[in-house]
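These notes are about the structure you will find just below.
Taken together, the values in this text are just the output of simple stated rules run on the coordinates, not laboratory data. Keep in mind it's a predicted model, so treat the numbers as computed, not measured. Cβ coordinates were reconstructed from backbone atoms using ideal geometry, including for glycine residues, and neighbour counts include every protein chain displayed.
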Amino acid sequence: MTQPDGPGEPLICSAKGCQEAAGYTLLWNNPKIHTPDRRKQWLACPDHRESLAAFLSARGFLRDIEPVAG
């Protein structure tokens, strides 16, 4: 997950090379190495939400998608 540099800075999409503000949090885990309740986070802008979700889903990692609180 890309962290903001300071207060008020937008969260940035996790897609490679993307600098757009994130609108979604993709919650995932790898069941081979994480406990069932562990959730890692990727951030996604509207343009990359589907492609990042498809990548995680194809591997059986995607658990949930939530809007970024804000």
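Data for the structure
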{"quantity": "Neighbour-count ranking [beta-carbon atoms within 10 angstrom, fewest first] of Glu20, Glu9", "calculated": "Glu9, Glu20"}
{"quantity": "The chain: angle of helix 49-58 to the longest principal axis, Cα-based, in degrees nearest 10", "calculated": "20"}
{"quantity": "Rel. contact order, % - alpha carbon contacts under 8 angstrom, at least six apart, the chain", "calculated": "34"}
{"quantity": "Positive-pole candidate from Ile12, Ala22, Gln41, dipole of the chain, charges at beta carbon", "calculated": "Gln41"}
{"quantity": "Point-charge dipole on Cβ atoms (K/R +1, D/E -1) for region 24-67, about Cα centre, debye to 20", "calculated": "260"}
